[in-house]
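Asks: My questions will all concern the structure given below.
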Amino acid sequence: VRCQNVFGFFMCSHMYVFSTIKQYHTHLLAGSVTCLQVTQQYLNSINANKHLNAFVATYTQQALAQAQQLDALRATGAPLSPLHGVVIALKDVICYKDQTVTAASKILKGFVSQYSATAVERLVTQGAIIIGTCNCDEFAMGSTNENSVYGPTLNAADVTRVPGGSSGGSAVAVQANMCMVSLGSDTGGSVRQPADFCGVVGLKPSYGRVSRYGLIAYASSFDQIGVFGNNVQDVATILESIEGPDAFDSTATPTKQLNKNGSYLQTTSRGPFTFGYFKQALYHPNLDAEIKENLLQLIAQLKADGHKVTEFNFELIDNIVPTYYVLTTAEASSNLGRFDGVRYGHRSAQPAANLTEFYKNNRSEGFSKEVQRRIMLGTFVLSAGYYDAYFTKAQQVRQLLINQTTEFFKNCDALILPVSPTTAFKQGEKTTDPIAMYLADIYTVYANLVGIPGIALPLFKHSNGMPFGMQLHTTNNNETQLLQIAQHIFTTYKK
Ligand code: GLN
């Protein structure tokens, strides 16, 4: 516990800063801090950072009351539950009972969750304090957090830049010390890319590792709840608390992946590991020269330190973004059909002559242009005349990618990839050109197409002042190894 000016984002004479959840618990047990003090501190920080627009709702009274209860429980000498007093923020697509959830869309304005997402239920049961809900791109569609009914979130490292998206608010909430950890969702990079733009750790678990029950769907065969944190250990702690089978989600993985002693990082490993990277990814013409240089240097260093690094050919790299956008828009057009103004959401005041006009009015007013664009594209690729040319073809490419991925992992423990071709974009830079924005997803959509886990690790600083890092992937449902290797790289090579 120390006094400091946290990252220079705001001045505060008395700040509790904990390196990890574990260290926070040590201080709680020693009595040097209380949950109430820490919760109050994060609430103050949310207030002081309002200009960043990271939060869309804050649960002040409820969070403070919960903190008091947890302090009272600790005073009884009861052992701390794994997330005792851990202050967590949620992306505005994750349901928390009796609180609003809107997917940053006008169509869900004022909608109140009738139940909590399984992940949230598990966090709360294990002692976490939910402090609020974070801004994001509407229905998790976007890469900048500019496509939100609440307006853009700003990057705390440079307010003229975007925090990335779609989980931009959740990334900034951790970046600017407004919570300890946060949840986001990652359909094609929405946790890893904003983590990279904001200089925090971002984990997308394997498909199905975390139940999607209570997560507003974008593209169901891609969606996964992910975690933002300041370090690999905290992210591992949260994953451990929320993962595992769930009767409410038949796609959730049927086994839990805990190590015997209850922690992903119970055993740390220094390798040597076998890494792989894609030639076409690192030498891609769109990759920023400085990012490429730093990754090549890291690879050289890994080799020098006794790890094996293999270069793979990945000819399909330029096909992955089109495949992703065909499949996700198809799924989105179906998922978003439920928002019709009858069962959910905004109902237009305009008189409608018939049912079609009624839907049209509600949906035209309720959805932003980007969401409308994706629903139309998805409807088009699923239409009878084009189904085989686009949807079936994209499914075939997805299968090819899965097959190739199996081959890659026969020859490596982990894959190294950039996270984004550039550091954080300037506000407004990509808004007029959706295709340019889609193409910037080139390094993140791969993991969702094939279902493997991925983690973004902030390792470097660009000469433009912005953070950036690298991605690591392992085989499906191998988070234990992913987190162990990530921990090793993060603690050894972070500059
Ligand atoms: N940027 C990607 C998109 O716009 C990723 C979104 C996500 O992961 N939710 O679809």
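Asks: Identify, please: which residue in the stretch 18-45 is part of a helix (DSSP H, G or I) and touching a Lys or Arg at 6+ places or on another chain (Cβ under 9 Å) and is, among those, most open to solvent (accessible area, probe 1.4 Å)?
Replies: The qualifying residue most open to solvent (accessible area, probe 1.4 Å) is Leu29.
Asks: So which of Thr144, Thr160, Thr133 ends up being polar (S, T, N, Q) and in contact with a Pro (Cβ under 8 Å, 6 or more places away or on another chain)? Break it down into steps so the answer makes sense when it comes.
Replies: On the way: Thr160 fails: in contact with a Pro (Cβ under 8 Å, 6 or more places away or on another chain); Thr133 fails: in contact with a Pro (Cβ under 8 Å, 6 or more places away or on another chain).
Answer to the check: Thr144.
Asks: Of all residues in the stretch 85-127, which are assigned to a loop (DSSP other than H, G, I, E, B), open to solvent by less than 50 Å² (accessible area, probe 1.4 Å) and touching a residue at least 60 places away in the same chain (Cβ under 8 Å)?
Replies: Selection gives Gly85, Val86, Asp92, Val93, Cys95, Val101, Ala103, Ser105, Ser113, Ser116, Ala117, Gln126.
Asks: Within the stretch 460-495, how many residues turn out to be farther than 20 Å from Glu293 by Cβ and open to solvent by less than 10 Å² (accessible area, probe 1.4 Å)?
Replies: 7
Asks: Can you tell me which residues in the stretch 224-256 are part of a loop (DSSP other than H, G, I, E, B) and open to solvent by less than 30 Å² (accessible area, probe 1.4 Å)? Quick ask: steps written out before the conclusion?
Replies: From the stretch 224-256, those part of a loop (DSSP other than H, G, I, E, B) are 224, 230-231, 244-256; that's our starting set.
Within the stretch 224-256, Gln224, Asn231, Gly244, Asp246, Asp249, Ala252, Thr253 qualify.
Asks: Another question about this same structure. For the stretch 185-223, give me each residue that is assigned to a loop (DSSP other than H, G, I, E, B), more than 8 Å from the ligand (Cβ to nearest atom) and under 21 Å from Gln114 (Cα atoms).
Replies: Ser211, Arg212, Tyr213, Gly214, Ile216, Ala217, Ser220
Asks: Spot the failing condition for Gly165; the list is (1) away from the ligand (no atom under 16 Å from the Cβ); (2) free of Cβ contacts under 8 Å to residues at least 40 places away in the same chain; (3) not aromatic (Phe, Trp, Tyr), and only one is missed.
Replies: (1)
Asks: Taking only the stretch 168-184 into account, find how many residues are within 15 Å of the ligand (Cβ to nearest atom) and part of a helix (DSSP H, G or I).
Replies: 4
Asks: Looking at Thr329, Thr356, can you tell me which residue is part of a helix (DSSP H, G or I), farther than 30 Å from Ala436 by Cα and among the β-branched types (Val, Ile, Thr)?
Replies: Matching residue, one of Thr329, Thr356: Thr356.
Asks: Checking the structure you have, find out if any residue of the stretch 474-483 is under 29 Å from Glu146 (Cα atoms) and among the charged types (D, E, K, R). Lay out the reasoning, then the answer.
Replies: The initial filter retains those residues of the stretch 474-483 that are under 29 Å from Glu146 (Cα atoms), namely none.
No, because not a single residue in the stretch 474-483 is under 29 Å from Glu146 (Cα atoms) and among the charged types (D, E, K, R).
Asks: OK, next. Within the stretch 128-152, take every residue that is in contact with a strand residue (DSSP E or B) (Cβ under 8 Å, 6 or more places away or on another chain) and not in a strand (DSSP E or B) and give me the one that is nearest to the ligand (Cβ to nearest atom).
Replies: Residues of the stretch 128-152 in contact with a strand residue (DSSP E or B) (Cβ under 8 Å, 6 or more places away or on another chain): 128-136, 140, 150.
Imposing the further condition that a residue be not in a strand (DSSP E or B) reduces the set to 128, 135-136, 140, 150.
Numbers: Ala128: 23, Asn135: 14, Cys136: 8, Ala140: 4, Tyr150: 17 Å.
Once the filter is applied, the top-ranked residue is Ala140.
Asks: Would you tally the residues in the stretch 394-452 being among the β-branched types (Val, Ile, Thr), open to solvent by less than 10 Å² (accessible area, probe 1.4 Å), closer than 23 Å to Thr329 by Cα and more than 17 Å from the chain's Cα centre (by Cα)?
Replies: Looking only at that region, the number is 0.
Asks: Might you let me know whether the stretch 193-208 holds any residue that is among the polar types (S, T, N, Q) and either touching a Cys at 6+ places or on another chain (Cβ under 9 Å) or more than 23 Å from Tyr325 (Cα to Cα) (or both)? Break it down into steps so the answer makes sense when it comes.
Replies: From the stretch 193-208, those among the polar types (S, T, N, Q) are 193, 206; that's our starting set.
Subset that is either touching a Cys at 6+ places or on another chain (Cβ under 9 Å) or more than 23 Å from Tyr325 (Cα to Cα) (or both): none.
No: the stretch 193-208 contains no residue that is among the polar types (S, T, N, Q) and either touching a Cys at 6+ places or on another chain (Cβ under 9 Å) or more than 23 Å from Tyr325 (Cα to Cα) (or both).
Asks: Residues in the stretch 212-232 that are over 14 Å from the mean Cα position of the chain (by Cα) and under 16 Å from Ala128 (Cβ atoms): how many?
Replies: Looking only at that region, the number is 1.
Asks: Moving on to the next point. Determine, yes or no, whether Phe391 is open to solvent by 10 Å² or more (accessible area, probe 1.4 Å), in a strand (DSSP E or B) and modelled with pLDDT of 95 or more.
Replies: Numbers: open to solvent by 10 Å² or more (accessible area, probe 1.4 Å): yes; in a strand (DSSP E or B): no; modelled with pLDDT of 95 or more: yes.
Taking the combined requirement at face value, the residue does not satisfy it.
Asks: Identify all residues within the stretch 308-319 that are within 20 Å of Gly189 (Cα to Cα) and open to solvent by 80 Å² or more (accessible area, probe 1.4 Å); write none if there are none. Spell out how you get there, then give the answer.
Replies: First, the residues of the stretch 308-319 that are within 20 Å of Gly189 (Cα to Cα): 314, 316-319.
Matches in the stretch 308-319: Asp318 only.
Asks: Within the stretch 320-356, take every residue that is among the charged types (D, E, K, R) and open to solvent by 30 Å² or more (accessible area, probe 1.4 Å) and give me the one that is nearest to the ligand (Cβ to nearest atom).
Replies: Keep residues of the stretch 320-356 that are among the charged types (D, E, K, R), which gives 331, 338, 340, 343, 347.
Retained after the next criterion (residues that are open to solvent by 30 Å² or more (accessible area, probe 1.4 Å)): 331, 338, 343, 347.
Numbers: Glu331: 11, Arg338: 18, Arg343: 23, Arg347: 27 Å.
Once the filter is applied, the top-ranked residue is Glu331.
Asks: So, one more: Please determine, by comparing only the residues of the stretch 46-83 that are of a type in the set (Gly, Ala, Ser) and over 20 Å from Arg122 (Cα atoms), which one is most open to solvent (accessible area, probe 1.4 Å). If you could, list the steps in order and put the result at the bottom.
Replies: Of all residues in the stretch 46-83, those of a type in the set (Gly, Ala, Ser) come to 48, 54, 57, 63, 65, 67, 72, 75, 77-78, 81.
Retained after the next criterion (residues that are over 20 Å from Arg122 (Cα atoms)): 48, 54, 57, 72, 75, 77.
Working: Ala48: 53, Ala54: 3, Ala57: 22, Ala72: 56, Ala75: 86, Gly77: 62 Å².
The residue in question is Ala75.
The values are calculated or read from the model by the stated rules, or taken from the named source; none is laboratory data. Note that this is a predicted model, so its numbers are computed, not measured. We place every Cβ from the backbone using ideal geometry, glycine too, and count neighbours over all the protein chains shown. Surface areas here come from the heavy atoms of the whole protein model, side chains and all, with no ligands, DNA or RNA. Shrake-Rupley method; radii C 1.70, N 1.55, O 1.52, S 1.80 Å.
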